[in-house]
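A quick write-up on the structure given underneath.
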Amino acid sequence: MKAVHTASASQTLSPGWRPLLQNFKKSLARWEWQWLTILLGGFLVIYYLPVDSARFQGAVMESIYLATWYAQEHVILCLVPAFFIAGGVASFVSQASVMKYLGANAPKVLAYGVASTSGTILAVCSCTILPLFSGIYRMGAGLGPAIAFLYSGPAINVLAIILTASVLGPQLGIAR
């Protein structure tokens, strides 16, 4: 009976591919060691956590309370309305009007002015403006006007100006 000879991948490859295969094997081994180190480090951190300490338990409970508060206050009251506003903009504002005022063929002064003014009118924070930015950018607004809208929303909205004036003084509020 004849013995069947199976060649390994490195024997059947042309000589030009052998260094690439060896580099791949080295990088794969390095990647495996990195993951092993991360897992071992994570295990050691968890192993040595002072879970019986009242201070540690209080800190864990406070972090859970903070996450609950964040979910209730910020996500429900800020992000969900922002998604609805972005959906309304996408549904009720025509793409032609976005292109007319914010598109590539719109005059630059008009496009940046409309984008900055629109961002100023909205009283939203920096994470709430992202769905709105995405909505107008997907509708065809130029990148420059869309970024002007993105920055003007949280930076120079009416509430931010009033808060700045009340906390840091009227001079800084006016300057903002």
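If I ask for residues that are among the aromatic types (F, W, Y), over 29 Å from the mean Cα position of the chain (by Cα) and in a helix (DSSP H, G or I), which ones from region 16-42 would you list?
Once the filter is applied, which keeps residues that are among the aromatic types (F, W, Y), over 29 Å from the mean Cα position of the chain (by Cα) and in a helix (DSSP H, G or I), region 16-42 yields F24, W33.
When you scan region 99-112, how many residues do you find that are surrounded by 13 or more Cβ atoms within 10 Å (Cβ to Cβ) and not in a loop (DSSP other than H, G, I, E, B)?
7
Quickly run through region 113-144 and pick out the residues that are small (G, A, S), closer than 25 Å to L163 by Cβ and not in a helix (DSSP H, G or I).
Within region 113-144, A123, S126 qualify.
Identify, by number, the condition in (1) under 20 Å from the mean Cα position of the chain (by Cα); (2) touching a residue at least 12 places away in the same chain (Cβ under 8 Å) that V98 doesn't meet.
That leaves (1) as the condition not met.
Any chance you could count how many residues in region 131-176 are surrounded by 17 or more Cβ atoms within 10 Å (Cβ to Cβ) and either under 21 Å from L79 (Cβ atoms) or β-branched (V, I, T) (or both)? Before you say what the answer is, go through the steps one by one.
As a first pass, look at region 131-176 and keep what is surrounded by 17 or more Cβ atoms within 10 Å (Cβ to Cβ): 131-133, 135-137, 139, 141-142, 145-146, 148-150, 152-154, 157, 160-161, 164.
With either under 21 Å from L79 (Cβ atoms) or β-branched (V, I, T) (or both) added as a condition, the list becomes 131-133, 135-137, 139, 146, 149-150, 152-154, 157, 160-161, 164.
Adding up the residues that qualify gives 17.
Residues that are assigned to a helix (DSSP H, G or I), of a type outside the set (D, E, K, R) and farther than 30 Å from P145 by Cβ: does region 76-98 have at least one?
Yes: one or more hits.
Being touching a residue at least 24 places away in the same chain (Cβ under 8 Å) and of a type outside the set (S, T, Y) is the filter here; which residues of region 109-119 pass it?
A111, V114, A115, G119, listed by residue number.
Bear in mind these aren't lab numbers, they're just calculated from the coordinates by the rules spelled out. Source: prediction; values computed, not measured. Note: ideal-geometry Cβ built from the backbone for every residue, glycine included; neighbour counts use all protein chains shown.
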